[in-house]
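One structure is given here, and the rest of the page talks about it.
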Amino acid sequence: MKSVYRSALVGALSFFLPIILFAQTDTSAVPDANPARPTVSTPATLTPAGYLQFENGGLFAAKSPEFSRRLGIEQVTKLSVDSRAQFLALFEPFTHSTGAAVSGDRPGEVFAGMQAVILSGKDERPTISAQYLRRLYASPAPELDLGTFVQSATILLSDDLGGFHFDMNGLVMEQQDDTTKVRQAQFAQTLSISHPVGRFTVSGEVWHFGQPLTHGYAVGNLWAASYPVRKNLVVDAGFDHGFTGSSTRWEGFAGFTYLLPHRLWRQRNGLY
């Protein structure tokens, strides 16, 4: 029980600490946040160099082959060291599931990695990046239909065309069967399209993930809206619907992206 309480406390702190810091700071000179949530797709563009960005949220999922209901608190921390390189860490400090082989309260998995810009976007030229993630902690908590992976490599493309913003990802991941220790490649594709509606941004997305360990595949459709409370604080909410029998049928989520309004080091001669 102590580990459960610690996980819940870490989740609460990761969720509310940025809000406390936000209330105490003047953000007039801070650059815009660059949210990757709430879509499955990740943008190829990076966060502002020298600033920490926090992406926090909660996700409730229902009707999956692995569980009947699942609640998770998610936290992603990003730091760009310059205009072309970014480090990131992904946590799920608290999960609760029912109707699963391992039900109850558990900490989720932990990943770390980096993203690098291959081609910087300009005018009609898209931004193209590559990302690598490695799992640092494997959780016994049941996973969503996307599964879990030991490591992953992603090619990311982002562009603006005709008033719409496009984020496209192609992923290859290494999955492992915990019983047999057999490892197989998992492939996935995502496409997110967003458009401003007043001060809101509305996003629609389609995604496909192979499921090599069960010889199936998951396909889903996501809809979300985000709103910039300030340029460094963006709140979001939405839902996702899975179409195949091995997909999680319904997911609802809400959260926020917060860019800490303090540069971690000084800018000198145009370099970070």
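Take the stretch 165-189 and flag every residue that is on the phi < 0 side of the Ramachandran plot and not in a strand (DSSP E or B). Those that are on the phi < 0 side of the Ramachandran plot and not in a strand (DSSP E or B): Asp177, Asp178, Thr179, Thr180, Val182.
For (1) more than 26 Å from Gly252 (Cβ to Cβ); (2) of a type in the set (A, V, I, L, M, F, W, C), each residue gets a yes or a no:
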| site | (1), (2) |
| --- | --- |
| Leu52 | yes, yes |
| Glu66 | no, no |
| Leu88 | no, yes |
| Ser97 | no, no |
| Ile128 | yes, yes |
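Considering Ala85, Ala44, Ala116, Ala112, the condition of being closer than 26 Å to Leu264 by Cβ, under 14 Å from the mean Cα position of the chain (by Cα), surrounded by fewer than 18 Cβ atoms within 10 Å (Cβ to Cβ) and modelled with pLDDT of 95 or more is satisfied by Ala112 alone. For the stretch 122-138, a residue qualifies if it is part of a loop (DSSP other than H, G, I, E, B) and surrounded by fewer than 17 Cβ atoms within 10 Å (Cβ to Cβ), and the qualifying residues are Asp123, Glu124, Ala138. Screening Asp105 on (1) modelled with pLDDT under 95; (2) assigned to a strand (DSSP E or B); (3) more than 30 Å from Pro142 (Cβ to Cβ) shows it passes everything except condition (3).
The values are calculated or read from the model by the stated rules, or taken from the named source; none is laboratory data. Note that the coordinates shown come from a computational prediction; the quantities given were computed from them, not determined experimentally. Cβ sites come from the backbone with ideal geometry, for glycine too, and all protein chains shown count toward neighbours.
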